[in-house]
Amino acid sequence: MWSRGIMNTTVRTFCSVKLKPAKSFGSSLAEIFNSKPSKHNYFGRSEKTGLFQVPELSTPLGFLQLQKECIAKTEELIQEATSSARTRKMVEIFDEMSDCLCRVADLAEFIRLAHPKREYSRAAEKACIAISEIVEQLNTNRKLYDNLKKSVSECDVTALTEVDKLVGELFLFDFEQNGIHLSEDLRKKVVMLNNTILNLGQQFVGGSDSPRIIKKSSIPTNIQHLFTCDNDNIIVSGLYVDSSNPITREIAYKIYYYPDQSQEILLENLITSRYDLAKICGFNSYSERALRGGTIDNTTDVMNFLETTSQNIREFSNFEFKHMSTMKKAENFSGELAVWDIPYYMAKAKRDWFQVTQDQYCPYFSLGACIEGLNVIFKNLYGISLVNSPILDGECWSNGVYKLAVEHETEGILGYIYCDFYERPGKQNQDCHFTIRGGKELCDGSYQIPVAVLMLNFRAPTWGTPSLLTPHNVDNLFHEMGHAMHSMLARTKYQHVTGTRCSTDFAEVPSVLMEYFAADPRILRLFARHYETNLPIPEEMLQRLCVSKKIFTACETRMQIFYSALDQLFHSEDPIKNNESVAEMQEKYYGLKYVPNTAWHLRFSHLVGYGAKYYSYLVSRSVAHSIWHNYFQSDPLDRKQGERYRRECLAYGGGKNPKKLVSDFLRMEASPKVFANSLITEISENHEIVRKFVDKYKIC
Ligand SMILES: [Zn+2]
């Protein structure tokens, strides 16, 4: 509830430059991103500032000061919220309180993860802990809850708008997640269960990628050398999906996924605790609790969506499986196609059919070219430019960070994106979008400018060679930039629902939509040029690349459906607890035989983070595909559609019920059937594209 967003209200460094045009340093974006950032961003600046231009953060001690100011401000706002002389709406006070806490917590959380210097990350960690303590206290403040409840359900100082009501209800729901409305006994139980769930989840995730050690003698002598050996033991720390020998893949699969009793106990306890928590809070299942307020908001509809999609793409996935079986036979291997063969043949097909190797493609995708490409897309769709901005001494946590101002042609600067793109020792290697400060309407009528960080892991440029991206890197860059634009283009009254702070099953829509742009030849042609010769990417290579993104989408989708269905059933009214049910579900939804004595779900760490929401990715993809199909496919640079998408979709963030947002924007019902149809259409189109391509180039 409170722990999303950032920064103290006294800091106004960003707002002061709001309406001035951004100054660009260096020449073109492509040139800037193709050389070391320091060369363009750090020159001639002598002022010393703090992290993110927050003056207090020029030393690690500043976190303590921010924390103190935040506590004082929160207390003041509590006074206001509980005063009989209150003149502002409860939800307005709550959002300001949330903003005040989030601006410290989110910034601190980012610095804790990203700052290479220990004294900064420790100070940030302490601030995170201090803020979560305040949040815990707030969560038990009955008077705050009662006043908010009264405001939402009865009346407030002035009438509530639809957005006030929606955001007020979100705050109320967060309170109730912590059991504030229950008797003291039950409330304590809720707190205890929340802690237990957190602990069990952490332990389960920790154990989900631990390697397996077995005696060397337990596997055939002729393949022992293929595994990592330690004296008499063999260490299996992954699935060997790249191995061309199916026996190696099979053995690795069976060892790696052999049921681990401690993981089994952790998962069972986690599921039971979640179920108990949901029951105490008045729900029939944990899934019912988790799905509230989503684009699909109940278990029956999620299962309907999964079932309908699964049934209707079966013929396509069977075709794909059959094709993989043929590939297996062609390699002179007998035996049925098994679950461990799938990733191997997917990768092999991409290599063989389309000859997509990284070495061939990377030179056409220098980081600079890609950023320039994004700039062209955004300029066409929304009339905005990405402008390289100077970085002050002390503003960033590391060298090699760029700062982009997102500048609209008439509205001025809409926000800032810090680009931490290069790998470095100790950096977490997951691609991420962080909201450092959420946008919101301020009391004086101005708008709090959003600030975000994109963290990616590209190879740093060297002398003379820019950072060259693989096609997969390009997809990731576009994806994360989709999240960033959601943050930048949202214009919500409240920061609690700005940009990516929306329902989980809508949050991936803007990012997945960007992947459709990255897979379109007309878009890639705009920017894919050789970094040395400036020649455009050869047309055949371009076509091969785009088609390669469309192969085997049916079996990939069925696998995701299987994961999603299992996640639902683990969190249903009658949670499944045994391996037989997992086996049954694998065969039903995935279409591949379950392997006895294996339990892949004990390594499925997403069960912790998503908990009954793993289906979100499929729904987001379905919505993104409909948006692409209906509005951008015929002309991906159409300003009229870009503006509509901005005003009717991105601008709302989570400030409009996602079901309503999607149905209003797409002009169709947001039903499980409609969502399923979108995926079915996409897969069927993909098959047609691949078929034509295979015929044309006489592949296989
Ligand atoms: Zn994402």
What pairs come up if the first residue lies in region 73-86 and is farther than 14 Å from Ile134 by Cβ, the second is part of a helix (DSSP H, G or I) and polar (S, T, N, Q), and their beta carbons are under 9 Å apart, counting only those six or more places apart or on different chains? Ala81/Asn147; Thr82/Asn147; Arg86/Asn147
Is it true that some residue in region 260-280 is of a type outside the set (Phe, Trp, Tyr), touching a residue at least 60 places away in the same chain (Cβ under 8 Å) and part of a loop (DSSP other than H, G, I, E, B)? yes
Residues in region 319-326: is at least one modelled with pLDDT under 95, in a loop (DSSP other than H, G, I, E, B) and surrounded by fewer than 16 Cβ atoms within 10 Å (Cβ to Cβ)? no
Determine the pairs where a residue that is closer than 12 Å to Asp242 by Cα, located within region 341-365, has a partner that is β-branched (Val, Ile, Thr) and not in a helix (DSSP H, G or I) with Cβ atoms under 6 Å apart, the partner being 6 or more residues away or on another chain. Pro343/Val241; Tyr344/Val241
Checked against (1) within 13 Å of the ligand (Cβ to nearest atom); (2) among the hydroxyl-bearing types (Ser, Thr, Tyr); (3) touching a Leu at 6+ places or on another chain (Cβ under 6 Å), Thr504 satisfies every condition except (3)
For region 255-265, does any single residue satisfy the condition of being under 25 Å from the mean Cα position of the chain (by Cα), surrounded by 18 or more Cβ atoms within 10 Å (Cβ to Cβ) and under 20 Å from Gly609 (Cβ atoms)? no
For Arg525, the lone unmet condition from (1) within 16 Å of the ligand (Cβ to nearest atom); (2) at pLDDT 95 or above; (3) surrounded by fewer than 21 Cβ atoms within 10 Å (Cβ to Cβ) is (1)
Tell me, please, whether a residue that is at pLDDT below 95, of a type in the set (Lys, Arg) and not assigned by TED's automatic domain parsing to the domain that holds Ile251 can be found in region 292-308. yes
For Thr533, indicate whether it is at pLDDT below 95 and crowded, with 21+ Cβ neighbours inside 10 Å. no
Give region 426-446 a look and list any residue that's touching a residue at least 60 places away in the same chain (Cβ under 8 Å) and away from the ligand (no atom under 16 Å from the Cβ), or say none. Gly426, Lys427, Ile436, Arg437, Gly438, Gly439, Lys440, Ser446
Would you check which residues across region 556-580 are part of a loop (DSSP other than H, G, I, E, B) and either touching a residue at least 24 places away in the same chain (Cβ under 8 Å) or under 13 Å from Leu306 (Cβ atoms) (or both) and list them? His571, Ser572, Glu573, Pro575, Lys577
Answer yes or no: is there a residue in region 447-463 that is at pLDDT 95 or above, surrounded by fewer than 21 Cβ atoms within 10 Å (Cβ to Cβ) and of a type in the set (Ser, Thr, Tyr). yes
Looking at Asn318, is it under 31 Å from the mean Cα position of the chain (by Cα) and free of Cβ contacts under 8 Å to residues at least 40 places away in the same chain? no
The residue from Val497, Val453, Val474 that alone is within 16 Å of the ligand (Cβ to nearest atom) and farther than 30 Å from Val547 by Cα is Val453
Restricting attention to region 163-171, does a residue exist that is among the aromatic types (Phe, Trp, Tyr) and in contact (Cβ under 8 Å) with a residue 40 or more places away in the chain? yes
The lone condition His486 fails out of (1) away from the ligand (no atom under 16 Å from the Cβ); (2) touching a residue at least 40 places away in the same chain (Cβ under 8 Å); (3) in contact with a Gly (Cβ under 8 Å, 6 or more places away or on another chain) is (1)
For Gly294, indicate whether it is in a loop (DSSP other than H, G, I, E, B) and surrounded by fewer than 17 Cβ atoms within 10 Å (Cβ to Cβ). no
Among the candidates Lys673, Lys640, Lys696, Lys660, single out the residue that is among the basic types (Lys, Arg), under 30 Å from Arg544 (Cβ atoms) and part of a helix (DSSP H, G or I). Lys696
I'd like to check something: does region 512-521 contain any residue that is outside any loop (DSSP other than H, G, I, E, B), out of contact with any strand residue (DSSP E or B) (no Cβ under 9 Å at 6 or more places or on another chain), away from the ligand (no atom under 16 Å from the Cβ) and closer than 20 Å to Asn375 by Cβ? yes
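The values are calculated or read from the model by the stated rules, or taken from the named source; none is laboratory data. Bear in mind that the values here come from a model prediction, so they are computed numbers and not experimental data. Neighbour counts run over all protein chains shown; Cβ positions are idealised from the backbone, glycine included.
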